[in-house]
Structures are given as C-alpha cells and as structure tokens.
Amino acid sequence: MHAATQSSRGICPARLAQTRAFRARRAGAVASRARRSVAPSASSKPTLYDVPVSNNGARVRLLLYWKGLERDFRIENPSVLGGLKSEAYLELNPQGKMPLLVVPSPPSVGDGDAPMDAPFMMALPESEVIAQYVLHKYADVGPLLIPEDPDQRALANLITRVHDVYIAPVQGCMYRGPMPVEKRAEDLQTVKKQMDVVERVFADAARTRRPQSQSLKNGNDVHDDGPFVCGSQPCFADAALFPTYVFLERILPRYFGWDDVFAERPRTKKWFHAMCADAGGERVLGEIRAGLDDWHDAGRWETTGVLEAVKDDRFTWKY
Ligand SMILES: N[C@@H](CCC(=O)N[C@@H](CS)C(=O)NCC(=O)O)C(=O)O
C-alpha cells in the first residue's frame, strides 16, 4: 500500500492513457453515473480533492507530508470533476466544498488491481474528519501527531475547535465579496478576537506542561515552552491552525493595514516561525502563498470590494 509503484507519476503509458480517457469520461458524467465512475481510477489510492491555496485542505496535506504518506494518496483539483459545484462533485460532497477524500473499495482477493469503474468505499468531506481518519487509519506510519497526554490532547482539540467553529467560517471577510461592509467589519473583529483566544490556548498548553518539566529540571522555573501547540513536537492542531495563519499573516498587513499580526501574541509568533522553519510547514506555506499571490495578481482584493471597504472609516480595519 505504501509502495510508490502505483503513483500517477510512475504509472505506465498505456495505463496513463486509460486513466486520462477515464477522467475525460468522468468529467462529463451525469450525477447518476458519477457515483460509479468517480472511483479513483486505476491506482486504487485514496484521492484528496483539493487545491494548493485551500487552507482547510492544507491541514490534510500537511499531515500527509509529516507522515510521509504523500505517495499513498492522489491529490486532484476538483476541476477534474467539473468543479466544486458540478453535479459530479456535489454527488460526492453535497456541501460543494474542498477538501474531499474519496476512499476506494479494497480490491477483492485475486483482483490485483481495482477495476476502472469500481465503486468507492466512502466519500469523506470536512477537513477535520479527513484529518482524524488519516491520523487513525495510518497511526502506525510516521509520527503519531496525536498528543499522548490527555491535557495536551484536550488543548489540541480546543485549538482545532476554535479554528473550525470561530475562525474558518468568517475567514472569507479577508478575501471574499461582494459582502456588506458591516458584515466584513464584524467578521474581521471576530478574527481579531479569536487570534487572542488562540494566544490564550497556547499559554494554557504551556502551563499544563510546566509541572512535569519543572520536576524534570529539579524545580527550576524552566518548562517545555513549545514551540508547537503541544510542546516540542507538532500535532494535528498545528496542522489545523497553521494554513489559516498563513492567510492571516499575509492578508491582514497587505490589505487591512495591520502592522504586525503577532503583536502582543508572542506565543503565536514563536509558533508561527517554528512552523515556517519546519519542512512540511514551509512547503504548505509556499503552496498557500503562491495561491494568494495569484489571487493578488488577478486583482482579487479589488474585485471583491475589500480595498473599497477598508476606505470606510466608520469601521475598524486595522487592529
Ligand atoms: N468545514 C469545511 C470548510 C471547507 C471550505 O470552506 N473549503 C473552502 C476552501 S478552503 C471551499 O471549498 N471554498 C469554496 C466554496 O465554499 O465554494 C472543512 O473544514 O473542510
């Protein structure tokens, strides 16, 4: 399963042509056919539908990078199915959002390979659900990325929850539109508040590590100070939070005039820099920043009305 022999890059030309033909058929398929034909073709690998700039998808990609699982998954742009709002995609994820993981059926004994039109086993949307699936399904591959200490695990879950419930739903205020100026300002205020909440959780996580480290250090006031959410090793919470902070760190100064998104958030700052220095983090950083630069070059912040909104001095834009 972990061998690279079925990688789309290593696939034989005949199979590649077959796969391409299959994908072409699939893109034009009507919804009733999509459920059958959307199976991840000949590779029988799980397929992650996602694009590089997607912060929710980057949570899953980062876990794959950290675990060394990249060759065991295919990553496809949802455009191969006609886009997020196509019938074929909505059949798999009625929310019309990415990421989406399509897990193929296991090949039957003696098959050798999955048939081209094999039905998939499950279509799994929602980045946190996919993340948890990857963490548990591949628990024995690479680092565990789940804190063993229950206190640390609870705080990792909390930071993930704060991200998913309070930040991700309003992050669009930074780059989507048109949007009523009042709503944009209100959502931005929420983003600012939640950045403070995240800083507090970082502090709580460090505090819960302190007694153990103190005893290890013979009572000195030295404790495990990170830099990651749960200490010296990254976990799933780092993967959930970091891609969105790549958005915040790039967009808020550029378009909303913030001087420093980490001012008065020293723990978050230290964490962010550690994540940027991490090989997997650096990779995700590059993927997302390149996507944001493309958006910039395409004039996204003009067309969505962001630049116009921040001229409205009835509201606070710079925190
Ligand atoms: N709760 C979902 C949110 C997914 C989400 O909003 N994805 C964005 C990309 S990061 C998307 O698909 N946006 C396109 C759209 O909403 O049309 C998750 O965590 O997966």
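For segment 43-53: of the residues being in contact (Cβ under 8 Å) with a residue 60 or more places away in the chain and open to solvent by 10 Å² or more (accessible area, probe 1.4 Å), which is farthest from the ligand (Cβ to nearest atom)?
Ranking the candidates gives Ser44 first.
Being within 13 Å of the ligand (Cβ to nearest atom), touching a helix residue (DSSP H, G or I) at 6+ places or on another chain (Cβ under 6 Å) and at negative phi is the filter here, so list the residues in segment 82-99 that pass it.
Leu84, Tyr89, Met98, Pro99
Can you find even one residue in segment 183-192 that is open to solvent by less than 30 Å² (accessible area, probe 1.4 Å), within 16 Å of the ligand (Cβ to nearest atom) and part of a helix (DSSP H, G or I)?
Yes, some residue in segment 183-192 is open to solvent by less than 30 Å² (accessible area, probe 1.4 Å), within 16 Å of the ligand (Cβ to nearest atom) and part of a helix (DSSP H, G or I).
Considering segment 54-72 alone, what residues qualify as being more than 16 Å from the ligand (Cβ to nearest atom) and of a type in the set (A, V, I, L, M, F, W, C)?
Across segment 54-72, the qualifying residues are Trp66, Leu69.
Only one of (1) in a loop (DSSP other than H, G, I, E, B); (2) away from the ligand (no atom under 15 Å from the Cβ) fails for Met179. Which number is that?
Of (1) in a loop (DSSP other than H, G, I, E, B); (2) away from the ligand (no atom under 15 Å from the Cβ), only one is false for Met179: (2).
The values are calculated or read from the model by the stated rules, or taken from the named source; none is laboratory data. Only a predicted model underlies this, so the values are computations on that prediction, with no experimental measurement involved. Cβ atoms come from the backbone with ideal geometry, glycine included; neighbour counts cover every protein chain shown. Heads up: the accessible areas ignore ligands, DNA and RNA and are worked out on the full protein's heavy atoms, side chains in. Shrake-Rupley method; radii C 1.70, N 1.55, O 1.52, S 1.80 Å.
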